[in-house]
Amino acid sequence: MNSSTAQASSKNRIVVRAEDVWKSYDDGAIEVLKGANFEAAEGQTVALCGPSGCGKSTLLHLFGGLDSPDRGRVSVNGMEINRHSDLLRLLRHEVGFVFQLHNLIPDLTLEENCLIPTVAAGIDRRTAQARLRQLTGRTGLTHRLGHRIQKLSGGERQRTALCRALMNKPKILLADEPTGSLDESASAAVFELLLDIVATEGATLVMATHDRSLAERCDRLLEMHSGRIHEPEYAR
Ligand SMILES: Nc1ncnc2c1ncn2[C@@H]1O[C@H](COP(=O)(O)OP(=O)(O)OP(=O)(O)O)[C@@H](O)[C@H]1O
Ligand SMILES: [Mg+2]
């Protein structure tokens, strides 16, 4: 595609969209996004690649409503995120976020960390516990439920972060280097799990990754450079 618009090839409904998005930091001294366009259709898995510092996390943070663009529009599930008055509801119920650095609370247990988003969303404890057991069963973490995060291995933390992001059955999962700190085989295992869960739950995945072999397993692979997003010819 010659244009900087990386359009979803599927005819499905677009659930994550950026239109001519600009974002800089430090009063404009660090220009990161410079007219970025992005679309992900419902149920798609989309990988966002590009060199360190190109703006992958910045874009995911905008999709997750954690920051707002300087210019342009960001919408998730048809709602413009920077204008929507009910942003919290959207985030609690419709979007799950796996952070690049996990952002788990080290002094709390795996179970306590995962239950936090369900409390925020007003989900009753019984339903939340059942969901947690389903997810820890799938991720092989049931025996670690009562363990504090600080006692877990890197891979266990990564899987915990995945469970927490999925607790409220989000329609959209934003995953920022979800296998970033793992070795090759652990990374492949977590990624398989991620794809499997996303497929069974019919969720849309937008994932930032440095790992080409993982990116190529997604429905679409996009590249970010010079503040814009491109769909490389070989990935079409
Ligand atoms: N809060 C902030 N304040 C100032 N600069 C920031 C801030 N957040 C990010 N940046 C800068 O913006 C640029 C893009 O950062 P970002 O984290 O989006 O990159 P990335 O593509 O996710 O990189 P990586 O692959 O290393 O995770 C970098 O130059 C970074 O230093
Ligand atoms: Mg990043």
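None of the figures in this text is laboratory data; all of them are computed from the coordinates on show. Since this is a predicted model, take the numbers as computed values, not measurements. Please note: Cβ atoms are built from the backbone with ideal geometry, for glycine as well, and neighbour counts cover all protein chains shown.
General remarks:
- Eligible lysines near Lys56 by straight Cα distance, threshold 17 Å, same-chain separation 8 or greater: Lys23, Lys34
- The charge dipole of the range 138-233, taken about its Cα centre with unit charges on the Cβ of Lys, Arg, Asp and Glu (plus for the first two, minus for the last two), comes to roughly 680 debye.
- Electrostatic tally near Arg157: other residues with Cβ closer than 15 Å to its Cβ, Lys and Arg +1, Asp and Glu -1, net -2.
- Taking the average, over residues, of other Cβ atoms within 10 Å as the packing measure, peptides 169-181, 149-161 rank 169-181, 149-161 from highest down.
- For the range 202-219, the Karplus equation 6.51 cos²θ - 1.76 cosθ + 1.60, evaluated at θ = phi - 60°, returns couplings of x, 8, 9, 10, 10, 10, 8, 7, 8, 8, 4, 5, 6, 4, 5, 7, 7, 4 Hz by residue, with Gly and Pro reported as x.
- Dividing the helix sum by the residues of the chain, where each DSSP H run of 4 or more adds -39500 (n - 2.57), gives a mean residue ellipticity at 222 nm of -10000 deg cm²/dmol.
- For Ala203, residues with placed amide H under 5 Å, excluding near neighbours: none
- Loop GluC sites (Glu not before Pro), the range 31-72, which have at most 10 other Cβ atoms in a 10 Å radius of their Cβ (DSSP): none
- Sum of side-chain charges, Ala189 neighbourhood, beta-carbon under 11 Å (Lys, Arg +1; Asp, Glu -1): -3
- Rounded if a/c under 1.5, otherwise prolate or oblate - the range 168-231, Cα gyration tensor axes: oblate
- Around the Cα centre of the range 69-226, unit charges on the Cβ atoms of Lys, Arg, Asp and Glu (plus for the first two, minus for the last two) sum to a dipole of about 600 debye.
- Under the shape rule built on the C-alpha gyration tensor, where the axes satisfy a ≥ b ≥ c, the range 21-92 is oblate, since a/c reaches at least 1.5 while a/b does not exceed b/c.
- Cα centroid of the range 33-74 to Cα centroid of the range 132-195, whole Å: 22
- Mean Kyte hydropathy of 0.0 or more with a Cα span along the axis of at least 24 Å, helices from DSSP in the chain: 184-201
- Formal net charge of residues neighbouring Phe99 (Cβ-Cβ distance under 12 Å; K, R +1; D, E -1): 0
- About the Cα centre, charge dipole magnitude for the range 61-155 (Lys/Arg +1, Asp/Glu -1 at Cβ), debye: 320
- When the square roots of the Cα gyration tensor eigenvalues are ordered a ≥ b ≥ c, the ratio a/c for the range 114-211 is 1.5 or more and a/b does not exceed b/c, which makes its shape oblate.
- Rough spin-label spacing in nm, given labels placed 7 Å along Cα→Cβ, for Asp183 and Gln134: 3.4
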